[in-house]
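Okay, structure first, notes after.
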Amino acid sequence: MANWVMGMKVTMKDVKRVGISGVRPADVKKAGGAGNAIKLIATCDGRRLQVSPTEVSKTDPICVNGTLNAVTFSSEHSGKQTIIGRGAGGMETASAVLRDLIEIRDTVFER
């Protein structure tokens, strides 16, 4: 998304990644007591890319569960917007594969 939407030229090696292995049950309990959840959140500020466990309010639209994914972005004219959609499952995977194949086809035949 950083490359496509924001015009960046980055690869996976440019993303700082912190997994969930450092999140303890006590961290989850503390977050829950404050009305929050700990989610693996990707952020991009136009220069830096990061994925890490982040405490998020359960009322924040980005705090989705199950097979849902969400993305929040800021626009100069419309402010913060959140898009939520299914991100896992057979139909979603098939759609992503088909989209990738169409992009590969279009790229190959453009040459």
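None of the figures in this text is laboratory data; all of them are computed from the coordinates on show. These figures come from a predicted structure and were not determined experimentally. Reconstructed Cβ throughout: ideal geometry from the backbone, glycine too, with neighbour counts over all protein chains shown.
What Kirkwood hydrodynamic radius, in Å, does the range 1-63 give when the mean of 1/r is taken over all pairs of distinct Cα atoms and then inverted?
Radius from the Kirkwood sum: 13.0 Å.
Report the one residue of M8, S21, A31 whose Cα lies farthest in the direction of the positive end of the charge dipole of the range 1-64 (charges on C-beta: Lys and Arg +1, Asp and Glu -1; origin at the Cα centre).
My answer, from the dipole projection, is S21.
Only Cα pairs under 8 Å and at least 6 apart count here; give the relative contact order of the chain as a rounded whole percent.
Once normalised by length, the contact order is 16 percent.
Step through the table entries K30/K58; K16/K80; K16/K39, compare each Cα-Cα distance with 18 Å, and write down the pairs that go over it.
With Cα atoms farther than 18 Å apart: K16/K80.
Can you compute the helix-only [θ] at 222 nm over the chain? Use -39500 (n - 2.57) per DSSP H run of at least 4 residues, normalise by all residues, nearest 500 deg cm²/dmol.
Counting only the DSSP helices, I get -9500 deg cm²/dmol.
When the Cα centres of the range 1-26 and the range 49-73 are compared, how far apart do they sit, in Å?
13
Given H placed on each backbone N at 1.01 Å, which residues far from R86 in sequence or on other chains put an amide H within less than 5 Å of it?
Those qualifying (amide H under 5 Å, at least 5 residues apart or on another chain) are N69.
Put +1 on the Cβ of each Lys and Arg and -1 on the Cβ of each Asp and Glu in the chain; which of G89, V108, S52 then has its Cα farthest toward the positive end of the dipole?
S52
On a 0 to 90° scale, report how tilted helix 90-110 is relative to the longest principal axis of the chain, with both axes built from alpha carbons and the result rounded to the nearest 10.
40
Using a Cα-Cα cut-off of under 13 Å, which aspartates and glutamates could be cross-linked to K29, ignoring same-chain neighbours fewer than 8 residues away?
Qualifying aspartates and glutamates at Cα under 13 Å: E55.
Can you give the log10 of the normalised intensity I(q)/I(0) at q = 0.19, 0.21 Å⁻¹, computed with Debye over equal Cα scatterers of the chain?
-1.27, -1.37
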